[in-house]
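Novice: My questions all concern the structure below.
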Amino acid sequence: LTHTHTQMQQIYMEQENDWDRDLLLDPAWEKQQRKTFTAWCNSHLRKSGTQIDNIEEDFRDGLKLMLLLEVISGERLPKPERGKMRVHKINNVNKALDFIASKGVKLVSIGAEEIVDGNAKMTLGMIWTIILRFAIQDISVEETSAKEGLLLWCQRKTAPYKNVNVQNFHISWKDGLAFNALIHRHRPELIDYDKLRKDDPVTNLNNAFEVAERYLDIPKMLDAEDIVGTLRPDEKAIMTYVSCFYHAFSGAQKAETAANRICKVLAVNQENEHLMEDYEKLASDLLEWIRRTIPWLENRAPEKTMTEMQQKLEDFRDYRRVHKPPKVQEKCQLEINFNTLQTKLRLSNRPAFMPSEGRMVSDINGAWHKLEGAEKGYEEWLLNEIRRLERLDHLAEKFRQKAAIHESWTDGKEAMLTQKDYETASLSEIKALLKKHEAFESDLAAHQDRVEQIAAIAQELNELDYYDSPSVNARCQKICEQWDALGSLTQSRRESLERTEKQLESIDELYLEYAKRAAPFNNWMEGAMEDLQDMFIVHNIEEIQGLITAHDQFKSTLPEANKERESIQAIHAEVQKIAQYNGIKLAGNNPYTTITPQTIDKKWEKVQQLVPQRDQALQEELARQQSNDHLRRQFANQANMIGPWIQNKMEEIGRISIEMNGTLEDQLTHLRQYEQSIIEYKPNIDQLEGDHQLIQEALIFDNKYTAYTMEHLRVGWEQLLTTIARTINEIENQILTRDAKGISQEQLHEYRTSFNHFDKVRNSFPMFNPEFKACLISLGYDGDAEFGRIMGIVDPNNSGAVTFQAFIDFMSRETTDTDTADQVIASFKILAGDKNYITAEELRRELPPDQAEYCIARMAPYTGPDAVPGALDYMSFSTALYGESDL
């Protein structure tokens, strides 16, 4: 007995079919196996009108064993021997074992002698081997087979049921709920699952066994009491019984497979629709932002003051540095999403995505180009407008100063010219009045130039569209009219004085000489004071140095002017000396002029005060221009480094995308590292932006030290970021295509080599029609019709160019197979029970809820002659999924 037990253990341990050796240690399992295997054999033998009662006794002669194998395999075995002798029985059993072995089953240490001798454990092992081979081995669920496939099938069928968690073929079935769940899933009318209780396993088990025997033609193979009374039910007995359920519901399994195919197709379609909706929303939002922004950039309504225009410039800076950069990223991400979506559609054999009208990538690029055109024009307009306002402010202040000086000079002149003092004057007084009038005319002529300057400044303010032009024009008009009136009054007074001149003689020549010399000198001083207080505006060091030189020249004339002043004052002193010497009592001031020596001294003192003030103002402006020159050099040093750096990076990215060094993953890693190095260079751009802001705040409009502008560098930086992102996206799409289509690295390299050979540009840009046609001819394709068909695949938008990604998709598509509309229609037909239509109830029963509702919402009503109420047309729906009709 010890020897036999050891031999049995060795046999069971060597079974490739994983017969559990623990059977030898648990008699309860042997009892369960005996009952289950017997019932299983009888379920097949009854078709031939026989059965067995004792499994080891009834198979000893081999006759029923051979009959069982014929029934379950559907094949004929060699003719059995009918003799009663032991040799006849052994021969029969050997024929059965040979047939089992011919089916690819290895029978380790199981011989005909043990079966003929009625060895129960060997017989059970043989029956288990038969069950595994003919009832379980061919079970396949989602690329798993045999035990794993059967377990997965049970898990999927019982997943929706509460208190059921199938993890194995022993403990998970002990409460009986799993058996009831399997039946209810396929035949819900046979079992009221909600009335079952987990704490009553015997009732649950008996209910399932009785229903299976009565309605499903599955014999009772287990005893509820044995299962409940065993700590761990026998796995093989449970598997044998459950396999009967699997085969009983095999038709439902086909429907499930068909449902899985449909679910997979619908899941891909739902994901693609979600990506399309995301693209449409993102494109719509970006276009709406561009639509709102362009009118703002195209608004050329000028402001009235420098402060308001500088605020506009600050708003524009915020737009370029805060508002626009996220939109640049959105635009780049939109293009990446579009390319990824088109790749997924091609990989799933779906038609290319055509965005809504006006939302194509080309439309977005066109709108973006228009935005950047408006942006560039807006910045130029802002700077020109600031220059204009600066010029206007200078001219307006100059106009006010000259007008104030002129109005101060003309104050009282009309009253003086209209008085009738000559009517009662003496001869000497008349002569004095005449000489005084001549001096006034000289002064009037000297002021003619100032009036012309005032009119010229007013005219320039009008031409530059100065906001306060009406008040300037009114003041200028008043000055001109007053000037004309003064001319007329002067002429009239001269005529009156000349009429009485014959009656007047003798006038003090010294007074007259004083008046004649004092008036020009006074006018020179007024002009000097005006020039010394005149505002100036310069843009570089050379201009301010020119003003300093001119000022130095003016200062060099001051000694001569002082001599003239002393000479004039000496004339007045001589008058006083003569009057005092001759005892003449002067009636008053010089009758020929209102310019007194005190006035000359006061104005001369004012000129002396203004000269150092002018010196200080010029030196301060020189310092400011030197600071501006430093800012120019600082910006130019940075820009002259960053500009070539950006250009070099763009060229290196082009070389990386063409050279194809290493695998796609290596290229992707290299590009991402390269992208990171570019991102790490961003602080240099930010520093340059800061220098540029200082230049604009200093109102510097030119820079002779560099050819680069901030706008050029911004555009170059944005193009660099966009190019590296697009290149990475192209490699990612190539990896996605390679993995989805099973393309090897060598094939991708070969595709790239072919593409580069015929791509005349050699920079990963699209290959145009003649180049692509030459490439197709080299690959064995010929004929205009064939070329037209292929161009319809790789260039659905008729752009006239073929990208490398589309080229890869085409090459992989020619060598791989994908789901088709006919396959989906066939799957729906299985779910519909071979009908030409399907109902909503059938869809909800066979598909997950979300995908069932997806189909119901999109399927058109079926209108065929065999239509019933609620019938849905799954054929048109399936063709629409692949672009063969409208969904």
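Novice: Around Ile838, which amide H atoms from residues at least 5 apart in sequence, or from another chain, sit under 5 Å from its own amide H, with H modelled in the peptide plane?
Specialist: When sequence neighbours closer than 5 places are left aside, the close amide H contacts are Leu872, Tyr874.
Novice: Shifting gears a bit: Which percent of the accessible area of segment 345-409 is formed by carbon and sulfur heavy atoms (probe 1.4 angstrom)?
Specialist: Ligands and nucleic acids excluded, carbon and sulfur reach 49 percent.
Novice: Hey, could you get me the Stokes-Einstein D for the chain, Kirkwood radius over alpha-carbon pairs, 25 °C and 0.890 mPa s, rounded to whole µm² s⁻¹?
Specialist: In µm²/s, the coefficient is 62.
Novice: Report the one residue of Pro861, His447, Leu831 whose Cα lies farthest in the direction of the positive end of the charge dipole of the chain (charges on C-beta: Lys and Arg +1, Asp and Glu -1; origin at the Cα centre).
Specialist: Leu831
Novice: Go through Met791, Pro295, Asn684 and say which Cα lies farthest out towards the positive end of the charge dipole of the chain; charges sit on Cβ, +1 for Lys and Arg, -1 for Asp and Glu.
Specialist: Of Met791, Pro295, Asn684, it is Met791.
Novice: While we're here: Count neighbours as other Cβ atoms within 10 Å of each site's Cβ, and list the trypsin sites (Lys or Arg not before Pro) in segment 608-714 that are DSSP loop with at most 15 such neighbours.
Specialist: Lys704
Novice: Here's another thing I want to ask about it. Of Ser172, Ser471, which has the most accessible area with a 1.4 Å probe, and how do the rest follow in descending order?
Specialist: Ser471, Ser172
Novice: Show me the ranking of peptides 161-168, 179-186 by mean Cβ neighbours inside 10 Å, starting with the highest.
Specialist: 179-186, 161-168
Novice: Dipole size in debye (nearest 20) for segment 821-882 around its Cα centre, Lys and Arg Cβ +1, Asp and Glu Cβ -1?
Specialist: 40 debye
Novice: Please report how far the C-alpha centroid of segment 607-663 lies from that of segment 823-887, rounded to the nearest whole angstrom.
Specialist: The two parts, judged by their Cα centres, are 69 Å apart.
Novice: Could you work out what % of the accessible surface of segment 27-251 is carbon and sulfur, using a 1.4 angstrom probe and leaving DNA, RNA and ligands out of the count?
Specialist: After summing per-atom areas, the C and S share lands at 47 percent.
Novice: Just to confirm, what accessible area per residue do you get for the chain at 1.4 Å probe, in whole Å²?
Specialist: Roughly 50 Å² per residue, with all protein chains present.
Novice: With 21 Å as the limit, write out which pairs from Lys106/Lys236; Lys413/Lys436; Lys649/Lys682; Lys435/Lys563; Lys31/Lys236 have Cα-Cα distances beyond it, or answer none.
Specialist: Among Lys106/Lys236; Lys413/Lys436; Lys649/Lys682; Lys435/Lys563; Lys31/Lys236, the Cα-Cα distance tops 21 Å for Lys435/Lys563.
Novice: Ok, one more. Run the accessible area of segment 412-595 with a 1.4 Å probe and give the carbon-and-sulfur part as a rounded percent.
Specialist: Of the solvent-accessible surface of segment 412-595, carbon and sulfur hold 49 percent.
Novice: May I pose another question? To the nearest 20 debye, what is the magnitude of the charge dipole of the chain about its Cα centre, counting +1 on the Cβ of each Lys and Arg and -1 on the Cβ of each Asp and Glu?
Specialist: Using Cβ point charges on Lys, Arg, Asp and Glu, the chain gives about 2260 debye.
Novice: From Cα pairs below 8 angstrom and at least 6 apart in sequence, can you work out the relative contact order of segment 327-455, rounded to a whole percent?
Specialist: 18 percent
Novice: Hey, what do the phi angles of segment 631-640 turn into as Karplus ³J(HN,Hα) couplings, whole Hz, using 6.51/-1.76/1.60 and θ = phi - 60°, x for Gly and Pro?
Specialist: Going residue by residue, I get 4, 4, 5, 4, 5, 5, 4, 5, 5, 5 Hz, with x marking Gly and Pro.
Novice: Right, another one. What whole-number distance in Å separates the alpha-carbon centres of segment 123-178 and segment 349-391?
Specialist: 65 Å
Novice: Using a 1.4 angstrom probe and counting only protein chains, how large is the accessible area of Glu273 in Å², to 10?
Specialist: Looks like 40 Å² after rounding.
Novice: Let me ask something else about it. Tell me, what ³J(HN,Hα) does each residue in segment 385-402 have, in order and in whole Hz, if you take phi through Karplus 6.51 cos²θ - 1.76 cosθ + 1.60 with θ = phi - 60° and put x for Gly and Pro?
Specialist: These are the phi-based 3J(HN,Hα) values: 5, 5, 4, 4, 5, 4, 4, 5, 4, 5, 5, 5, 5, 5, 4, 5, 5, 5 Hz.
Novice: Tabulate in residue order the Karplus-calculated ³J(HN,Hα) for segment 610-624, using 6.51 cos²θ - 1.76 cosθ + 1.60 with θ = phi - 60°, rounded to whole Hz; enter x for Gly and Pro.
Specialist: The phi angles translate into 6, 4, x, 5, 5, 4, 4, 4, 5, 5, 4, 5, 4, 4, 5 Hz.
Novice: May I pose another question? Which whole-number percent is the relative contact order of segment 268-393 (Cα, under 8 Å, 6+ apart)?
Specialist: The value is 49 percent.
Novice: Still on this model: Given an 8 Å cut-off on Cα distances and at least 6 residues of separation, report the relative contact order of the chain as a percent.
Specialist: In percent, rounded to a whole number, it is 9.
The values are calculated or read from the model by the stated rules, or taken from the named source; none is laboratory data. Keep in mind the model is a prediction, meaning the values are calculated, not measured. Because the Cβ atoms are built from the backbone with ideal geometry, glycine has one as well, and the counts that use them run over all protein chains shown. Accessible surface is based on the protein model in full, side chains and every heavy atom, while ligands, DNA and RNA are left aside. Shrake-Rupley method; radii C 1.70, N 1.55, O 1.52, S 1.80 Å.
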